[in-house]
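A.B. asks: The following block contains the structure, expressed as structure tokens.
The values are calculated or read from the model by the stated rules, or taken from the named source; none is laboratory data. A quick note: this is a predicted structure, and the numbers were derived from the prediction, not measured. Note that each Cβ is placed from the backbone with ideal geometry, even for glycine, and that neighbours are counted across all protein chains shown.
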Amino acid sequence: MGKINISDPTRKLVILRKIIPWESIIQSLSVYYDPCKGAYGKSLRSMVALQILRHLYKLGDANVVEQVKENRYMQYFCNVPDEDLATFIDSSTLCIFRQRLGIEGIEQIELAIFSRLRISGVISGESLLMDSTVLESNIIYPNDVQLIKNAFEKMAIFAKQQTIPIWWDNDHVKTLWRAFNLAKRADRQNVLATFNQLLIPALVKFKALVEALTISDNPKKVNRSIKKKEKAQQLLALLNLLEEQTLEKLNGNTKIANRIVSLTEIDARPIKKGKINPTCEFGTTLEMSFNRQGFIVTVENFIGKPDDSTMLTDTFDYFTWKMKGYPNQVITDLGYRSADNTDYVAFETRDVFLGRTVDVNEAVQEFCCKARSATEGMIAVAKNIRGFSKSLYRGVDGDRIWSLLCQTASNLTKFIQLLNTDEIDETVMIKLGLLAK
């Protein structure tokens, strides 16, 4: 086969097009479409390919569509005929497609590609390497005063949608916010108290307006009006939590459970992972497991920061389910160490290394220590190169979809790397259809 330059998109996309099980993916996703309802949809084959390309090259929705229109190899990968390029697709369709599939649909894409690589013999399941990190949310650094200002902005959007006038002095809020930003050494506690005094009566009026919302009598508008009311009720509940949080802040409580850090990313939490810089990150916890080759086997997302020791058994079960077998080694750091975890894993695993060399016999101590060090490098590569540093999708469900698509792109890239260094056996390449028998 010869070496393949991973930076060469021509050969890379041609190879990936061959190894991805398109028929299996399309069949599993067809349940999300009813051919008897709605307009004729876009090709599932092209839509899935676009999602993969987006994360493979770390492009935005609009950018990946433009790249496909200009790049012949991307057109080949997405199976887009020339006559459809002019009206190929609107970038907003990619977001709608992800929403329609949801987590379950995206999981089907990732699992189909992963299974193809596993069954062909590319991915080995002899070792399980595990660690957790933070998948940051796409938000600015939290500021208590700014959260209240954002609360006013959210209520202003509601007022515009309901075509009613704003019921607070918005110019005064803007003036206070501007003064707060210009002050080099603002007394944040006093400013927060001032903003909160303006928020309390505004929230009382907002609650009355939400309760007064009615459902439309027009059958065509019933569902829309129900959704609007549910969305307003969710916003009211969120702002009530913000009000409670603000009062705790004003009373001097700095350690608030389930602290709200954003009104757009409501699942984001402040998470400390023992780093010097940054000491705290804002997002969700990302639990990852690898094999010794560097393939990402599982990814899981959690709100807040659960104790690592509580996540080992579920990740171990998830790993063995995906690999269809038990690993010979389980390698983690001390955060996962507990007697219950050791007993649970040791029942089916030969070597259990939970952060200490004394856990395993001398023959495999060096292997386990090197694997544990490699896990840190794999996490660093995942975050800094593979897109796991920050999620651009909203909510913990969006983070889950982001993680699965990044995992898919990362494993495909890892396969190309191994192919480029001649680490893939000919028998495996024959199974993947890259070589003739």
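A.B. asks: Residue check, Ile266 against (1) in contact with a strand residue (DSSP E or B) (Cβ under 9 Å, 6 or more places away or on another chain); (2) assigned to a loop (DSSP other than H, G, I, E, B), all met but one. Which one?
C.D. replies: Unmet condition: (1).
A.B. asks: For region 107-131, which residues satisfy the criterion of being polar (S, T, N, Q) and touching a Pro at 6+ places or on another chain (Cβ under 6 Å)?
C.D. replies: The answer is Ser127, and nothing else.
A.B. asks: Condition first: surrounded by 14 or more Cβ atoms within 10 Å (Cβ to Cβ) and among the hydroxyl-bearing types (Ser, Thr, Tyr). Now tell me which residues in region 365-403 satisfy that.
C.D. replies: Thr375, Ser389, Ser391, Tyr393, Ser403, listed by residue number.
A.B. asks: Looking only at region 164-199, which residues are among the basic types (Lys, Arg) and either touching a Cys at 6+ places or on another chain (Cβ under 9 Å) or over 17 Å from Thr246 (Cα atoms) (or both)?
C.D. replies: Correct list: Lys174, Arg178, Lys184, Arg185.
A.B. asks: For region 184-227, name all the residues that are β-branched (Val, Ile, Thr) and part of a helix (DSSP H, G or I).
C.D. replies: Those that are β-branched (Val, Ile, Thr) and part of a helix (DSSP H, G or I): Val191, Thr194, Ile200, Val204, Val210, Val222, Ile226.
Yes/no per residue for (1) under 16 Å from Ile113 (Cα atoms); (2) among the hydroxyl-bearing types (Ser, Thr, Tyr); (3) assigned by TED's automatic domain parsing to the domain that holds Arg100; (4) modelled with pLDDT of 95 or more:
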site	(1), (2), (3), (4)
Asp399	no, no, no, yes
Ser403	yes, yes, no, yes
Asn411	yes, no, no, yes
Met429	yes, no, no, no
Gly433	yes, no, no, no
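A.B. asks: How many of the residues making up region 89-133 are free of Cβ contacts under 8 Å to residues at least 40 places away in the same chain, farther than 24 Å from Met323 by Cα and part of a helix (DSSP H, G or I)?
C.D. replies: Residues flagged as free of Cβ contacts under 8 Å to residues at least 40 places away in the same chain, farther than 24 Å from Met323 by Cα and part of a helix (DSSP H, G or I) within region 89-133 amount to 4.
A.B. asks: Looking at (1) outside any helix (DSSP H, G or I); (2) buried (at least 16 other Cβ atoms within 10 Å of the Cβ); (3) without any contact (Cβ under 8 Å) to a residue 40 or more places away in the chain, find the lone condition where Val261 falls short.
C.D. replies: (3)
A.B. asks: Looking at Arg259 and the list (1) in contact with a Lys or Arg (Cβ under 8 Å, 6 or more places away or on another chain); (2) assigned by TED's automatic domain parsing to the domain that holds Asp340; (3) not aliphatic (A, V, I, L, M), which single condition is not satisfied?
C.D. replies: (2)
A.B. asks: Of all residues being part of a helix (DSSP H, G or I), in contact (Cβ under 8 Å) with a residue 40 or more places away in the chain and aliphatic (A, V, I, L, M) in region 15-31, which is nearest to Arg45 (Cα to Cα)? Just the residue, please.
C.D. replies: My answer is Ile25.
A.B. asks: Something else now. If I go through region 77-88 residue by residue, how many of them are part of a loop (DSSP other than H, G, I, E, B) and farther than 20 Å from Gln27 by Cα?
C.D. replies: Number of matching residues: 5.
A.B. asks: Counting just the residues of region 32-59 that are at pLDDT 75 or above, part of a loop (DSSP other than H, G, I, E, B) and aromatic (Phe, Trp, Tyr), which one comes out farthest from Thr421 (Cα to Cα)?
C.D. replies: My answer is Tyr33.
A.B. asks: Having 1 or more residues that are in contact with a helix residue (DSSP H, G or I) (Cβ under 6 Å, 6 or more places away or on another chain), over 29 Å from Gly387 (Cα atoms) and hydrophobic (A, V, I, L, M, F, W, C) is the bar; report the strands (runs of 3 or more DSSP E) wholly within region 293-370 that clear it.
C.D. replies: In region 293-370, the matching strands (runs of 3 or more DSSP E) lie at 351-354.
A.B. asks: Here are some residues: Ile148, Ile166. Which one is without any contact (Cβ under 8 Å) to a residue 12 or more places away in the chain and in contact with a helix residue (DSSP H, G or I) (Cβ under 9 Å, 6 or more places away or on another chain)?
C.D. replies: One residue alone meets the criteria, Ile166.
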